[in-house]
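**Student:** The structure's right below; bear with me while I get my questions together.
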Amino acid sequence: MNTHEARLVALRQQLKHQNLDGFVVPICDEHMSEYVGAYAQRLAWLTGFGGSAGTAVVLADSAAMFVDGRYTLQVRDQVDARFYSYEQVPAVSIAGWLAMHAPADARIGYDPWLHTRGWADAVGRALAHRGGVLVAVDSNPVDTIWQGRPAPSAAPAVPHALEHAGIGADAKRAGVARWLADNGCDAVVIAALDSVAWLFNMRGSDIDCTPVALAYALVHADGTADLFIAPEKVTPELVAHLGAGVRIAPREGFVASLEGLTDKRVGVDPERSVAAVFQALERGGATIAALTDPVLVPKAVKNPVEIAGQRAAQARDGAALARFLHWLDRVGPQGEQTELTASARLEGERRATNALIDLSFGTISGAGPNGAIVHYSASEATCRRLEPNSMYLVDSGGQYRDGTTDVTRTVWIGPDAPPADVRDRFTRVLKGHIALARAVFPAGTNGAQLDVLARQFLWAAGLDYAHGTGHGVGSFLSVHEGPQRIAKAQGGQAGTAHALLPGMIVSNEPGYYRAGAYGIRIENLVLVEPRDIAGAEGEFLGFATLTHAPIDRRLIDTALLDAAERGWIDRYHADVRSLLAPQLDVADRTWLNAATAPL
């Protein structure tokens, strides 16, 4: 089964064997992770789609791929239109599509370890209107036909030092115990991998670019915990680090432990725990309290040690990016570099710091029209040359023990000056970036209320972008972290209603994409912090910019900037020089001084 067509045929045959009329295949794992290990890349194996968010629905005579606006172009490049229709969420839902396309009385299968209970309830109701039923399968039919499927990672879990964590794991569990008491619960399920990692001050390497270990946890009212993790991942150092308050059990024992919580009131996050967790608790006779993961907000609100670490990581990462941008400025106009060679050079600059643990996600290295694919991933098949007099977008980041970075820069590959229309679009994106960076807002404001600030100058020209403006970022954890998010308030945009709190880190990344031509995105990470305003009536907040790297002055149409915006750029570039210049050699420093000169 070397072709995606053959795999689709084999899946349909397996569905017949399991007495199913269809099956839903998401990008997900048993922890509702955004990025998953190779063993859980079922959608990529089946369809060829390489994005981080998407779902396929396979019926006997039709199939569909569901993606959001980030992947509108990518899905068409990677998934064969002969076999799958393309559906964009949230405009089209899986439940709605199945209600229209599944046959009457259909039996549609799903893996309860890969979907939430809320999703299963919604799809089940949609099918019931036509006499159909949603069937929880005991064995995933994709796994059955996937020959050579990788095993889950056996890499060891490792302690995350207090010098980077800032708060001890015992104190974190004590905080969860207080939360349990406040909510009248006996225990809580912690299923999200980054929540488990943060709670136990533990990291791993089970998922590329995300330093987590495959594990579940149950935390009890007395502050003790059960950690369910494969035995081969447990080292003597980890046992000593976890201490007597943590009982270590095999990962396979998780379900039995859930079933053993008879008559206990157990907290479970319905958005971050799969349906199978609820089913196991119900079988055991537990009372389920649907509550938000108690680790979610404490993890998102960085403590002073984490904030200091993030600043150090950003300074280190910014110097690596500056060295790369100087190199690109020299060699780019020669027309000999490609998306892959540029990406490799940037990774090499980060590795030269001797502090890089991993990338924080696969680098988005998009030349010309590939830059218009929001979450583009260069490959030998798609790789373009960086042509003279063209646009190049690079979105990248690093995982360091003291912080996680994520930065996007769009640059002009000379030698000639960029055209006026390109400068206009870039400057409108920049104006939105500046407006959000300068925002001052009352405590309690959420990301949806700020999103328009970043879009307003594009909207004025009848333009927009089909992705969120900002996402949360972890501390040597996931590059996409909740609950905070800056985006339009609409279906499928989780997190936009959560207030932005001091200590949260979020990205500021408006963009513009002209299909078939180029993409523009300017991304910095920012820290939510208090603002002291004379005479203020109540608490107000703002953003401190953490990311420091030059913004391409050649692409700025200064006539479109007002005095305050020009002042912001000049102050930002002065900060870039001050922070990065001491880390650079003479040649790189000379280039940086020119690249960050006042407008």
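**Student:** What are the residues in the stretch 364-380 that are assigned to a loop (DSSP other than H, G, I, E, B) and open to solvent by 20 Å² or more (accessible area, probe 1.4 Å), if any? Full working, then the answer.
**Tutor:** Restricting attention to the stretch 364-380, the residues satisfying the condition of being assigned to a loop (DSSP other than H, G, I, E, B) are 373-380.
Answer for the stretch 364-380, where residues must be assigned to a loop (DSSP other than H, G, I, E, B) and open to solvent by 20 Å² or more (accessible area, probe 1.4 Å): 375, 377, 378, 379, 380.
**Student:** For the stretch 264-285, give me the residue count where each residue is open to solvent by 40 Å² or more (accessible area, probe 1.4 Å) and among the polar types (S, T, N, Q).
**Tutor:** 1
**Student:** Kindly provide the set of residues from the stretch 392-440 that are hydrophobic (A, V, I, L, M, F, W, C) and over 25 Å from the mean Cα position of the chain (by Cα), ordered by number.
**Tutor:** Those that are hydrophobic (A, V, I, L, M, F, W, C) and over 25 Å from the mean Cα position of the chain (by Cα): 412, 413, 417, 420, 422, 440.
**Student:** Answer with yes or no whether residue 507 is in contact (Cβ under 8 Å) with a residue 24 or more places away in the chain, open to solvent by 10 Å² or more (accessible area, probe 1.4 Å), under 29 Å from residue 165 (Cβ atoms) and of a type outside the set (D, E, K, R). Write out each step before concluding.
**Tutor:** On the way: in contact (Cβ under 8 Å) with a residue 24 or more places away in the chain: yes; open to solvent by 10 Å² or more (accessible area, probe 1.4 Å): no; under 29 Å from residue 165 (Cβ atoms): yes; of a type outside the set (D, E, K, R): yes.
No: the conditions fail for residue 507.
**Student:** Specify the residue that is surrounded by the most Cβ atoms within 10 Å (Cβ to Cβ); the eligible residues are those in the stretch 16-37 that are small (Gly, Ala, Ser) and under 17 Å from the mean Cα position of the chain (by Cα).
**Tutor:** Selected residue: 33.
**Student:** Would you say residue 453 is in contact with a helix residue (DSSP H, G or I) (Cβ under 7 Å, 6 or more places away or on another chain) and free of Cβ contacts under 8 Å to residues at least 24 places away in the same chain?
**Tutor:** So residue 453 passes the test.
**Student:** Now for a separate question. Restricted to the stretch 537-593, and to residues that are open to solvent by 80 Å² or more (accessible area, probe 1.4 Å) and touching a residue at least 60 places away in the same chain (Cβ under 8 Å), which residue is farthest from residue 500 (Cα to Cα)?
**Tutor:** 554
**Student:** Considering (1) more than 30 Å from residue 527 (Cβ to Cβ); (2) open to solvent by less than 30 Å² (accessible area, probe 1.4 Å); (3) out of contact with any helix residue (DSSP H, G or I) (no Cβ under 9 Å at 6 or more places or on another chain), say which one residue 242 fails and leave the rest.
**Tutor:** All conditions pass for residue 242, except number (3).
**Student:** Give me the pairs, please: first residue somewhere in the stretch 66-77 and farther than 10 Å from residue 53 by Cβ, second residue anywhere and in a strand (DSSP E or B), beta-carbon distance under 6 Å, and either six or more positions apart or on two chains.
**Tutor:** Close Cβ pairs satisfying both conditions: 75/65; 75/67; 75/86.
**Student:** For the stretch 316-344, enumerate the residues that are surrounded by fewer than 17 Cβ atoms within 10 Å (Cβ to Cβ) and assigned to a helix (DSSP H, G or I).
**Tutor:** Listed by number, the residues that qualify are 330, 331, 334, 340, 341, 344.
**Student:** Would you say residue 256 is open to solvent by 40 Å² or more (accessible area, probe 1.4 Å), out of contact with any Lys or Arg (no Cβ under 6 Å at 6 or more places or on another chain) and either in contact (Cβ under 8 Å) with a residue 40 or more places away in the chain or part of a loop (DSSP other than H, G, I, E, B) (or both)? It would help to see each step written out before you state the result.
**Tutor:** Numbers: open to solvent by 40 Å² or more (accessible area, probe 1.4 Å): yes; out of contact with any Lys or Arg (no Cβ under 6 Å at 6 or more places or on another chain): yes; either in contact (Cβ under 8 Å) with a residue 40 or more places away in the chain or part of a loop (DSSP other than H, G, I, E, B) (or both): no.
So residue 256 fails the test.
**Student:** Quick one: count up the residues across the stretch 9-20 that are within 18 Å of residue 123 (Cβ to Cβ) and either in a strand (DSSP E or B) or among the hydrophobic types (A, V, I, L, M, F, W, C) (or both).
**Tutor:** Count: 2.
**Student:** Right, something else. Here are some residues: 248, 288. Which one is part of a strand (DSSP E or B), surrounded by fewer than 18 Cβ atoms within 10 Å (Cβ to Cβ) and modelled with pLDDT of 95 or more?
**Tutor:** Checking each option against the conditions leaves just 248.
**Student:** Please return the ranges of helices (runs of 4 or more DSSP H) entirely within the stretch 90-193 where 1 or more residues are closer than 22 Å to residue 291 by Cα and in contact (Cβ under 8 Å) with a residue 40 or more places away in the chain.
**Tutor:** The helices (runs of 4 or more DSSP H) meeting that bar are 117-128, 169-182.
**Student:** Taking the stretch 21-69 as the region of interest, how many residues are in contact with a helix residue (DSSP H, G or I) (Cβ under 8 Å, 6 or more places away or on another chain) and assigned to a helix (DSSP H, G or I)?
**Tutor:** 4
The values are calculated or read from the model by the stated rules, or taken from the named source; none is laboratory data. In this text, all values refer to a predicted model and were calculated from it rather than measured experimentally. Ideal geometry is used to build each Cβ from the backbone, glycine not excepted, and the neighbour counts take in all protein chains shown. For the accessible areas, the whole protein counts, side chains as well, though only heavy atoms, and no ligand, DNA or RNA atoms are used. Shrake-Rupley method; radii C 1.70, N 1.55, O 1.52, S 1.80 Å.
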